[in-house]
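The values are calculated or read from the model by the stated rules, or taken from the named source; none is laboratory data. Values in this document were obtained by computation on a predicted structure and should not be read as measured data. Note: ideal-geometry Cβ built from the backbone for every residue, glycine included; neighbour counts use all protein chains shown.
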Amino acid sequence: MTAISELLARHAKTRDLGHPEIQTPVPSLGVTIVTCMDARIKVFDVFGLKHGEAHILRNAGGVVTEDVIRSLTISQRLLGTREVIVVQHTNCGLSQITDDDFKTLVEEDTGLRPTWAVEAFREVKDSVRVSVERVRRSAFLPSTDNVRGFVYDVATGLLDEVV
């Protein structure tokens, strides 16, 4: 059975009926969380979130990229969010590679070199600082004053504020 088939079977058994009481896509806390796609980060558990309280944007590394700025701009300008939390984590795969090495690996396999940045980093705290600064400097975002950055420790579950 494929993973997708397994998930569909689980859905059929547990049947999420959604949240009909939530009538709007506007998050009630007015916050967007940018974090890594790493499966160890259970964002709802980390922050004690309930459905409808926050927008959650995930990508490799939890890095603020052009596409994250795009989603943040929509979140703020159309859906009223005013605060941003950036959460990256310990033992991230992006801290164990370099942009050039990864691009070379993909190029050797496909014959094409990626044009996009991998956004690899050595020090997770430095990466958080860069991502927070990208949010703060974005001309597209109307709300850049309340942006905070954290490192989530995957071993302890603790958050360490960086910025």
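Observations on the model:
- When residues of segment 101-136 are limited to those that are surrounded by 13 or more Cβ atoms within 10 Å (Cβ to Cβ) and among the basic types (Lys, Arg), the one nearest to residue 149 (Cα to Cα): 129
- Options 72, 79: the member that is closer than 20 Å to residue 28 by Cβ, of a type in the set (A, V, I, L, M), out of contact with any Phe, Trp or Tyr (no Cβ under 9 Å at 6 or more places or on another chain) and surrounded by 14 or more Cβ atoms within 10 Å (Cβ to Cβ): 79
- Of the criteria (1) buried (at least 18 other Cβ atoms within 10 Å of the Cβ); (2) under 21 Å from residue 163 (Cβ atoms); (3) in contact with a Gly (Cβ under 8 Å, 6 or more places away or on another chain), which one residue 60 fails: (1)
- Condition check for residue 91 on (1) of a type outside the set (D, E, K, R); (2) assigned to a loop (DSSP other than H, G, I, E, B); (3) loosely packed, with under 12 Cβ neighbours inside 10 Å: one failure, at (3).
Conditions (1) within 24 Å of residue 32 (Cβ to Cβ); (2) at pLDDT below 95; (3) not hydroxyl-bearing (Ser, Thr, Tyr), marked per residue:
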| position | (1), (2), (3) |
| --- | --- |
| 94 | yes, no, yes |
| 104 | no, no, no |
| 111 | no, no, yes |
| 118 | yes, no, yes |
| 122 | no, no, yes |
| 135 | yes, no, yes |
| 139 | yes, no, yes |
| 146 | yes, no, yes |
| 152 | yes, no, no |
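- Number of positions in segment 134-163 that are under 27 Å from residue 44 (Cβ atoms), part of a helix (DSSP H, G or I) and free of Cβ contacts under 8 Å to residues at least 40 places away in the same chain: 1
- Scope segment 55-67; condition assigned to a helix (DSSP H, G or I) and out of contact with any Ser or Thr (no Cβ under 8 Å at 6 or more places or on another chain); matching residues: 60, 66, 67
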